[in-house]
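The structure under discussion appears below in the form of structure tokens.
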Amino acid sequence: MDLKKQLGKRIREIRVKKGLKQAELAEMVGIDPKHQSCVENGRNFPSANLLENYAQKLNLQLSDLLLLTEYNSKEDIQEEIIRMVKSADEETTKLLYRVVTAIII
């Protein structure tokens, strides 16, 4: 899947999770609803300014908006978690331990 399609899919996914219609998000970020549709369908690539508007209006960090990694299986997710934990510093690792323990136990 190319970058435009991945980004469009990500924006649509976030919009749907937030309970917004395409026209509502388009109005929030100041674009035409047709342009919003083209962005979500991967036909148009949003400008840097538009990406910043999406992040701001959706209450996200820009990096969260651009998180395009898709995981297809439990094993993929586990491998990514292990990779992140291995690269974390000691303080972050301890915090992760507390969070995971609180969720799982």
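Read-outs throughout are calculated quantities, based only on the coordinates presented, and are distinct from any laboratory measurement. Just so it is clear, the model here is predicted, and its values are computed rather than measured. Because the Cβ atoms are built from the backbone with ideal geometry, glycine has one as well, and the counts that use them run over all protein chains shown.
Here is how the number arises for the chain: DSSP H runs of 4 or more residues each give -39500 (n - 2.57), the sum is divided by the residue count, and the result at 222 nm is -21000 deg cm²/dmol. Across region 87-100, rounded Karplus estimates of 3J(HN,Hα) from the backbone phi angles (6.51 cos²θ - 1.76 cosθ + 1.60, θ = phi - 60°) give 8, 6, 6, 4, 4, 5, 4, 5, 5, 4, 4, 4, 5, 4 Hz, Gly and Pro being marked x. Computed 3J(HN,Hα) for region 20-26, one whole-Hz value per residue from the Karplus formula 6.51 cos²θ - 1.76 cosθ + 1.60 where θ = phi - 60°, is 9, 8, 3, 4, 5, 5, 4, glycine and proline marked x. Taking every alpha-carbon pair under 8 Å whose residues sit at least 6 apart, region 3-65 reaches a relative contact order of 37 percent. Recomputing Rg/Rh (Cα atoms, Kirkwood Rh) from the coordinates shown identifies the correct label among [x] 1.05; [y] 1.07; [z] 0.98 as [y]. To the nearest 10 degrees, how steeply does helix 3-17 sit against the main Cα axis of the chain, on a 0 to 90 scale? Once rounded, one gets 80 degrees. Summary value for the chain: 25 percent relative contact order, contacts being C-alpha pairs under 8 angstrom separated by 6+ residues. Here the spin labels are modelled as points 7 Å beyond Cα on the Cα-Cβ line, and at Ile103 and Lys17 they lie 1.2 nm apart. Coupling constants for region 62-67 follow from the phi torsions by the Karplus curve (6.51 cos²θ - 1.76 cosθ + 1.60, θ = phi - 60°), and in residue order they are 4, 5, 5, 5, 8, 6 Hz; glycine and proline get x.
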